[in-house]
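What follows is one structure encoded as structure tokens, with my remarks underneath.
The values are calculated or read from the model by the stated rules, or taken from the named source; none is laboratory data. Keep in mind it's a predicted model, so treat the numbers as computed, not measured. Positions of Cβ are backbone-derived with ideal geometry, glycine not excepted, and every protein chain shown enters the neighbour counts. Quick note on the areas: whole protein, heavy atoms, side chains included, nothing else; ligands and nucleic acids left out. Shrake-Rupley method; radii C 1.70, N 1.55, O 1.52, S 1.80 Å.
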Amino acid sequence: MVTISPSQPLTVLVVEPFETIRTMIANVLNQLSHVDIIQSSNATDALEKLEYNDINLIIAEWDLPKFSGIDFLKKVRTTARTAKIPFVMTSATIEQAHVVKAIQCGVSEYVVKPFSSKILASRLQRALTKPVRPCKESSQQPEPAVTPSDDIHVLIVDDVADNIKIISDILRKDYKVKAALNGKKALQICTKDPQPDIVLLDIMMPEMDGLEVCKRLKSDPSTQHITVIFLSALEQTEHIIKGLELGAVDYITKPANPAIVKSRVQAHCRSIESNRIMRTQIDTMLENARLRDEFDNLNQNELIQPVANIKNSTEQLVNHLHDAEKAQQYIDFIQQSCSNLQLHIDSISALNKIEQQEYKLTPKQHKLSALIKDTLGPLATMINQKQITVHNTIDTEGCFFGEQSITHALLTHLLKNALEGTKSDPSIKLSSTQNDQFLVLKIHNPDPVPEPIRAQFFDKFVTYGKPEHAGVGTYAAKLLTEVQRGFIEYRTDDNLGTEVFVSLPLSQ
């Protein structure tokens, strides 16, 4: 992933054959951050630019001249210098096979054209904050999921208010309806969220007629995806043909027949719905692929050290079998490492079930102080290496009602996070309070949460300055707390540092 750094500009390579699309992408990038934009119209030129520039993000079209965007992606992912650059693929193609291929080759995000500025901005943000996926050729295809789409938004544009009222009354029960009495106002509405999905556009209007409105909508990358249906009189055949050439998909003759208006709009809604479902499927496939990668990475990171410890301690144990005291130390260390492995496996299993809403809670009463002690034990090496002082004033009698294993896991995530985030003053403070319903643990470290991730502190895959980490610690802690009917919150500022509060129930 790209580590967020407000002090350094982002260098983005935009590979797109059409200049209007490149300009639109550049405008979106300039709204996100301070960026240096390098443009290219084909993959051959883009590869040359990659050799001589330090690129932080690539945005490339699937259908490129000379060789395709997917071949460009493969080249990026299989070259050591560029393998970790986030890669956003854009395409007018909504084919599952294409999306699956892009996922296998390590795409970060796949954005279907035409897209709005808002959609592109959200995908770029995700690409920059999520771990970069490697190229993995595989025949396994993610199973897409279908979710219902949002409401359809219809904009009616006519200079006669009575015409607007008639059509609004026909459509209002089934759609979100807006109206505009002139072309200028219609264009303003189309550029603001929520954008209309369909524009019913009168051809003959003063100042700016419907043909000009359609032309401007279809020439602007941020609005060209909007479906245009003309409203026209029977004798306006020539204008209708011109409008269809400009990009309109249909027309309705006036005076409006309610049945025809409903059927025409409904027919085009099916296409819009299909497009939305396909976009959702693409997002789902990308997210599922990302989740599998992160699950694998998280397992590797958490398994490697305990396994190495067990292997090393076993070798040392063989050399000290006749020294009872030494042998016992290695046996204890092996047992502790095995416990850490089991804890990780149990934590991952629980987290997966919680995300799937399949976890069955079996709570009992536990002492918080005992769990804190058990959690700090395996972290002793990190504490000693960083020379961190732990001030523990947890109430030794304070009990909560929950599960020992998942509480151990959430405490491990939070304490690791606090220890890693402590820089200015190497110390953390642990304390507890109790009210009528909850036992409240407070974890304090003297350093604030970095500004760019404060709003996303408990989100998945969010990290800052730790590219080797998956960014799931606080997210996991939140889920493991909430499944026990507790809650977690935090506050941070430059003077206070960071305080995380975990409230666990006193009874079921």
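Counting only residues 5 or more places away or on other chains, whose amide H sits under 5 Å from the amide H of Gln434 once H atoms are built in the peptide plane?
The list, which skips near neighbours in sequence, is Val440.
Once the Cβ-Cβ distance between Asp162 and Lys360 is put in as r, and R0 is 60 Å, what FRET efficiency do you end up with, to the nearest 0.05? Numbers along the way, then the final one.
Numbers: r = 61 Å, r/R0 = 1.02.
Efficiency for this residue pair is about 0.45.
Suppose R0 equals 30 Å; then what is the FRET efficiency for Thr93 and Gln125 from their Cβ-Cβ distance, rounded to the nearest 0.05?
On the way: r = 23 Å, r/R0 = 0.78.
FRET efficiency, Thr93 to Gln125: 0.80.
Here are labelled values, (i) 171; (ii) 205; (iii) 286, and one is the computed volume of the Cα convex hull per residue in Å³ for what I pasted. Which one?
Only one option fits the structure, namely (ii).
By the gyration tensor of its Cα atoms, with a ≥ b ≥ c the square roots of the eigenvalues, what is the shape of region 1-113: rounded for a/c under 1.5, prolate for a/b over b/c, or oblate? Mind dumping the intermediate values first?
Working: a/c = 1.44, a/b = 1.28, b/c = 1.13.
Rounded shape, in that the Cα axes give a/c under 1.5.
Within region 201-215, which residues have the backbone N less than 18 Å from the label spot 7 Å out from Glu245 along Cα→beta-carbon, could you tell me?
Correct set: 203-204, 209-215.
Between Val111 and residues 5 or more places away or on another chain, which pairs have amide H atoms under 5 Å apart, with H built 1.01 Å from N, and which residues are they?
Residues meeting the criterion, in which the H sits 1.01 Å from N, are Met89, Thr90, Ser91.
With the crude spin-label approximation of a point 7 Å out along Cα→Cβ, what separation in nm comes out for Asp174 versus Ile260?
About 1.6 nm, to one decimal.
For Thr253, list long-range residues whose amide hydrogen, built 1.01 Å from N in the peptide plane, is under 5 Å from its own amide hydrogen.
Ser232
Based on the Cβ-Cβ distance from Asn384 to Asp71, what FRET efficiency comes out when R0 is 56 Å, to the nearest 0.05?
On the way: r = 50 Å, r/R0 = 0.90.
Given R0 = 56 Å and the Cβ-Cβ separation, E is 0.65.
Can you give me the accessible area per residue for the chain, using a 1.4 Å probe, in Å²?
On the way: 25650 Å² over 508 residues.
Roughly 50 Å² per residue, with all protein chains present.
How far is it, in nm, from the label point at Ala83 to the one at His34 when both lie 7 Å from their Cα along the line to the Cβ?
Each label point lies 7 Å from its Cα, and together they span 3.2 nm.
Quick check for me: using +1 on Lys/Arg Cβ and -1 on Asp/Glu Cβ, what's the dipole size of the chain about its Cα centre, in debye to the nearest 20?
Working: 54 positive and 62 negative charges, 52 e Å.
Rounded to the nearest 20 debye, it is 240 debye.
For a quick check of understanding: with a 1.4 angstrom probe and all protein chains in place, what accessible area in square angstrom does Glu420 have, to the nearest ten?
We get 40 Å² for Glu420.
How much solvent-accessible surface does Tyr475 expose, in Å² to the nearest 10, with a 1.4 Å probe and all protein chains in place?
Roughly 40 Å² of Tyr475 is accessible to a 1.4 Å probe.
Where does the chain land at 222 nm, in deg cm²/dmol rounded to the nearest 500, when only DSSP H runs of n ≥ 4 count, each adding -39500 (n - 2.57), divided by all residues?
Working: 15 runs with 231 residues, N = 508.
The helix-only estimate for the chain comes to -15000 deg cm²/dmol at 222 nm.
Using each residue's phi in region 242-256, evaluate 6.51 cos²θ - 1.76 cosθ + 1.60 at θ = phi - 60° and report the 3J(HN,Hα) Karplus result to the nearest Hz, with x for Gly and Pro.
Working through the residues one at a time gives 4, x, 5, 5, 6, x, 5, 9, 6, 8, 10, 7, 9, x, 5 Hz.
Can you work out ³J(HN,Hα) from phi for every residue in region 318-328, in order, using Karplus 6.51 cos²θ - 1.76 cosθ + 1.60 and θ = phi - 60°, giving whole Hz and x for Gly and Pro?
4, 7, 10, 4, 8, 10, 4, 5, 5, 4, 5
Relative to the present Cα-Cα distance, how much length would full extension add between Arg491 and Asp63 at 0.36 nm per residue of separation?
Extra length from Arg491 to Asp63 when fully extended: 149.4 nm.
Rounded, prolate or oblate for region 72-132? Axes are the square roots of the Cα gyration tensor eigenvalues, ordered a ≥ b ≥ c, and the cut-off for rounded is a/c under 1.5.
Values: a/c = 2.33, a/b = 1.28, b/c = 1.82.
Here region 72-132 falls in the oblate category.
Got a sec? What order do Thr280, Thr191 fall in by accessible area at 1.4 Å, biggest, i.e. largest, first?
Numbers: Thr280 40, Thr191 85 Å².
Most to least solvent-accessible, the answer reads Thr191, Thr280.
I'd like the Karplus ³J(HN,Hα) series for region 151-160: coefficients 6.51, -1.76, 1.60, θ = phi - 60°, whole numbers in Hz, and an x wherever there's a Gly or Pro.
Values, residue by residue: 4, 7, 9, 10, 10, 9, 10, 7, 7, 10 Hz.
Work out, step by step, the length gained on full extension between Lys423 and Asn435: first 0.36 nm times the residue separation, then minus their alpha carbon distance; give nm to one decimal.
1.1 nm
How big is the accessible area of Lys386 in square angstrom, nearest 10, if you roll a 1.4 angstrom probe over the protein chains?
Counting only protein heavy atoms, Lys386 exposes about 80 Å² to solvent.
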